[in-house]
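The values are calculated or read from the model by the stated rules, or taken from the named source; none is laboratory data. What you see is a predicted model, and the numbers here were worked out from it, not measured in a lab. Quick reminder, even Gly has a Cβ in these numbers, built from the backbone with ideal geometry, and neighbours come from all protein chains shown. Ligands, DNA and RNA are excluded from the accessible area calculation, which covers all protein heavy atoms including side chains. Shrake-Rupley method; radii C 1.70, N 1.55, O 1.52, S 1.80 Å.
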Amino acid sequence: MLVKAMPHVGRERGELVCCAGVTEQREWRRQYPVRFRFLTDESMFQRWHWVEYHWRLPKGDRRPESRRVDEGSIVKGHEMKSAHRGSFLARLILPGVKSAEERGQTLTLVRPKTDNIRFSWKKDSSGDRNGNPAIRQCRSA
């Protein structure tokens, strides 16, 4: 497991989180929905944990990496040792988003050219559930 996105609060199912990770074969996976705060101690994972779960392809989400998680089946595995992380992820790094698009990927790691990095964002006036302004759009060049 590499990333947990900001929670989305829905009326029917409460707080849901989308997570992203990579399989042992270095295939990207997007896991959704996960009610992270309701996971048991045995299934509560953190970044760099290997995780097993039952899944099915989601309806209405044709992104190749997406998996609809049966959150009751989540089993937290061991944590990847920090000494192995860089070499494990190195083969996944692409030079830019265009490279990922050409491969049909909607998740990737990008190492941009350091001579032309620009980051911008816009506030979302609606804010989050705590009244804090939320980031609506991010772009990097």
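The table for this structure:
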read-out	value
Residues of the range 1-17 satisfying the condition of being touching a residue at least 12 places away in the same chain (Cβ under 8 Å), open to solvent by 40 Å² or more (accessible area, probe 1.4 Å) and assigned to a strand (DSSP E or B)	3, 4, 9
Unmet criterion (only one of (1) of a type outside the set (A, V, I, L, M); (2) under 16 Å from the mean Cα position of the chain (by Cα); (3) open to solvent by 30 Å² or more (accessible area, probe 1.4 Å)) for residue 28	(3)
Candidate set from the range 31-40 (those that are modelled with pLDDT of 90 or more and not in a strand (DSSP E or B)); member that is farthest from the chain's Cα centre (by Cα)	40
Scan of the range 51-73 for residues that are among the acidic types (Asp, Glu), assigned to a loop (DSSP other than H, G, I, E, B) and at pLDDT below 95, ordered by number	61
Hits in the range 38-80 (condition: over 22 Å from residue 108 (Cα atoms), in contact with a strand residue (DSSP E or B) (Cβ under 7 Å, 6 or more places away or on another chain), open to solvent by 100 Å² or more (accessible area, probe 1.4 Å) and free of Cβ contacts under 8 Å to residues at least 24 places away in the same chain)	54
